[in-house]
């Protein structure tokens, strides 16, 4: 399932943008925002679970646990 959240760009403070969504405030790296974004704009975040990355990291965690169990 995908979650969609709209954030208002309240202001810029150095290399961060202050994003607001209701009572939530996030200091977000300005470098990760679209180049032309400015104060007063809205940005939309779409979030979903990355199943492929989840599987990959799970395999890596399992491998590391096996290594620890073997004392390597």
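Taken together, the values in this text are just the output of simple stated rules run on the coordinates, not laboratory data. It should be emphasised that the depicted structure is a prediction, and the values quoted were computed from it without experimental measurement. Note that each Cβ is placed from the backbone with ideal geometry, even for glycine, and that neighbours are counted across all protein chains shown.
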Problem set entry | Residues within segment 7-24 that are touching a strand residue (DSSP E or B) at 6+ places or on another chain (Cβ under 7 Å) and surrounded by 12 or more Cβ atoms within 10 Å (Cβ to Cβ), tallied | 10
Problem set entry | Inter-residue pairs, beta-carbon under 6 Å, first without any contact (Cβ under 8 Å) to a residue 40 or more places away in the chain and at negative phi and in segment 45-72, second surrounded by fewer than 10 Cβ atoms within 10 Å (Cβ to Cβ) and assigned to a helix (DSSP H, G or I), 6+ apart | none
For this session: Filter segment 30-47 down to the residues that are within 12 Å of the chain's Cα centre (by Cα) and surrounded by 13 or more Cβ atoms within 10 Å (Cβ to Cβ), then identify the one that is nearest to residue 7 (Cα to Cα).
Result: 45
